[in-house]
Amino acid sequence: MQGDRRYFFVRIYPVEELAGSLDTPSVVCLGVFDGVHLGHRALIDAALSQARQLGITAMVHTYDPLPIQVIQPERRVPVLSPLPERLALIEQAGIQQAAVSRFDHSLQHERGADFFTRVLLGKLNARHLVVGFNHRFGFHGDTDVDRLDQLCRQAGVGLTVIAPIRNAQGLLVSSSAIRAAILLDDLELAESMLGRPPDAAMIRRLQEQNHTGARSTITEG
């Protein structure tokens, strides 16, 4: 298939380079996946399970750069996991295919319904989608899980919505909470949400951003 690349054992599809639809249908797991934390792992596990039931492939769709970095660049949101690391973590979770959309101002202004038709149906050949309970996409986040459910029903596409994932203390797992924990030097909390200890490079990236005024970014998920 034109436009695919290999990263370790994961086949990567840069969405902008796909001339047409992928040949085989897939279960597509939607998200940013920054940090590939326990919440993301729940999405991936559900996608893998659904793909096995349907006898098709599970795929993750992510963005580069982070959407918030384009939408609100002044907030200087630090990346937990740069794209190569993100893809490696996604691979470790069991995914063999990933699609990466370049998030730019054109994509920022695209309606969610148009993205659904153009990318998810038209390029990724999605037969089932897996999203988190608070997932939104499209201009100004115009497509939430309720609107996505409508689109999926109209297109004959399945949809699985994953409930909130919490750590042992009952705290909601999110990328923003992990950023906050690391900036507050609460590495135990960060580990409880990542499902692994935060590595030195992740800690250093956040600390360096914090020194340049990024502490206000820690509420972004």
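No value in this document is a laboratory result; all are computed from the given coordinates. Just so you know, these numbers come straight off a predicted model, no measurement behind them. Please note: Cβ atoms are built from the backbone with ideal geometry, for glycine as well, and neighbour counts cover all protein chains shown.
State, to one decimal in nm², a quarter of the convex hull surface area for the C-alpha atoms of the stretch 5-163, i.e. the direction-averaged projected area.
If I average the Cα hull's projected area over directions, I get 8.6 nm².
Only Lys, Arg, Asp and Glu count, each charged at its Cβ (+1, +1, -1, -1), so figure out the dipole size of the chain about its Cα centre, rounded to 20 debye.
Using only the charged Cβ atoms, the result is roughly 260 debye.
Taking the chain as a Gaussian network, where each spring joins two C-alpha atoms under 10 Å apart, which residue of 125, 167, 134 fluctuates the most?
134
For each of 9, 139, count neighbouring Cβ atoms within 10 Å of the residue's Cβ, then give the residues from fewest to most.
In increasing order of surrounding Cβ atoms, one gets 9, 139.
Please work out the C-alpha center-to-center distance from the stretch 79-134 to the stretch 150-167 and express it in whole Å.
Result: 15 Å between the Cα centres.
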